[in-house]
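One structure is given below, encoded as structure tokens.
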């Protein structure tokens, strides 16, 4: 690997252990002084990913102050926001306040942006002790600095949407883009989405429909979510089951689908997703709580002939696509807005 490639990927910011890339590092250098190919963001708000926020909340017994303290401890210790249990982080919004002369990102000082790379690989420094956050929501008002590398990606925030909405949508924008790609490439007409009432789940349903899927099943965890999803009109069929109970998932879905999208934020949904998928079909795991060993070994043990994909958070055009799905689809807005404004 050349020095230029190492810098572009952020390897020069790795403190421990040497030889790994930022996402795999235990500690990053979050020094706000930038190199010639870096960009510094004045942080305004973090968005913790759902799996990480749920784990922290459960570990802290619902105590918001304890959750805030835990997040601060992680960032101070690691130089980034990477939950040591889930391995996941989230993303942020802020204002560009410094741009290296050789940065290829096309950003300018003053641009208001959302980072489209994970907080697990973004050097991050918090300067306000998260004083404006009560620890009870995924969105975290914050002050500090974050560093983008030459191979990072960011989107200038749209002027027609509230910041909180843009952050919520862009945090999961990889899911609908990947869903659309799978439907288009495989010709899948039947799609099941696990965790269908969440942000990534509802956007994935809308993306599947727009890509040509004709039979959409949304699986949710309780009757309250079922009512909300049915009212949104995104799925042809809404079913209730515990996504971590594979037999319950199979019974609820009944007819296995050609594609299954996993958007739940708890571990243990791997086997149910496989059972929900027809032979020759595709499963896309978009949950950061997924155990890929469980998925691979479970499929083998069930003699399930399915293609299993890791949900890559990046697909070209993913940010614009997700924002347009939000703008154009009342059902998506009906499910996302209450989460953002709760």
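Odds and ends about this structure:
- Pairs where the first residue, in the stretch 227-240, is assigned by TED's automatic domain parsing to the domain that holds residue 332 and at positive phi and the second is surrounded by 15 or more Cβ atoms within 10 Å (Cβ to Cβ) and modelled with pLDDT of 95 or more, C-beta under 7 Å, 6+ apart: 233/331
- Taken together, the criteria place residue 147 among residues that are crowded, with 23+ Cβ neighbours inside 10 Å, under 22 Å from residue 30 (Cβ atoms) and outside the structural domain of residue 336 (by TED's automatic domain parsing).
- All positions within the stretch 300-320 that are assigned to a helix (DSSP H, G or I) and surrounded by fewer than 21 Cβ atoms within 10 Å (Cβ to Cβ): 300, 301, 320
- Odd one out for residue 74 among (1) modelled with pLDDT of 95 or more; (2) surrounded by 16 or more Cβ atoms within 10 Å (Cβ to Cβ); (3) within 29 Å of residue 159 (Cα to Cα): (3)
- Of the helices (runs of 4 or more DSSP H) that lie entirely inside the stretch 162-259, those containing 3 or more residues that are surrounded by fewer than 24 Cβ atoms within 10 Å (Cβ to Cβ) and at pLDDT below 95 span 163-171.
- Each residue in the stretch 260-278 was checked for being touching a strand residue (DSSP E or B) at 6+ places or on another chain (Cβ under 8 Å) and closer than 27 Å to residue 89 by Cα, and 10 pass.
- Test: residue 281 is touching a strand residue (DSSP E or B) at 6+ places or on another chain (Cβ under 9 Å), surrounded by 19 or more Cβ atoms within 10 Å (Cβ to Cβ), in the same structural domain as residue 182 (by TED's automatic domain parsing) and modelled with pLDDT under 95: no
- Residues that are in a loop (DSSP other than H, G, I, E, B) and either more than 17 Å from residue 9 (Cβ to Cβ) or outside the structural domain of residue 44 (by TED's automatic domain parsing) (or both) within the stretch 115-143 comprise 127, 128, 129, 130, 131, 132, 133, 134, 135, 136, 137, 138, listed in sequence order.
- Test: residue in the stretch 119-130 that is under 14 Å from residue 81 (Cα atoms), crowded, with 19+ Cβ neighbours inside 10 Å and out of contact with any helix residue (DSSP H, G or I) (no Cβ under 8 Å at 6 or more places or on another chain): yes
The values are calculated or read from the model by the stated rules, or taken from the named source; none is laboratory data. Predicted model only: the values in this text are computed from it and were never measured. Neighbour counts run over all protein chains shown; Cβ positions are idealised from the backbone, glycine included.
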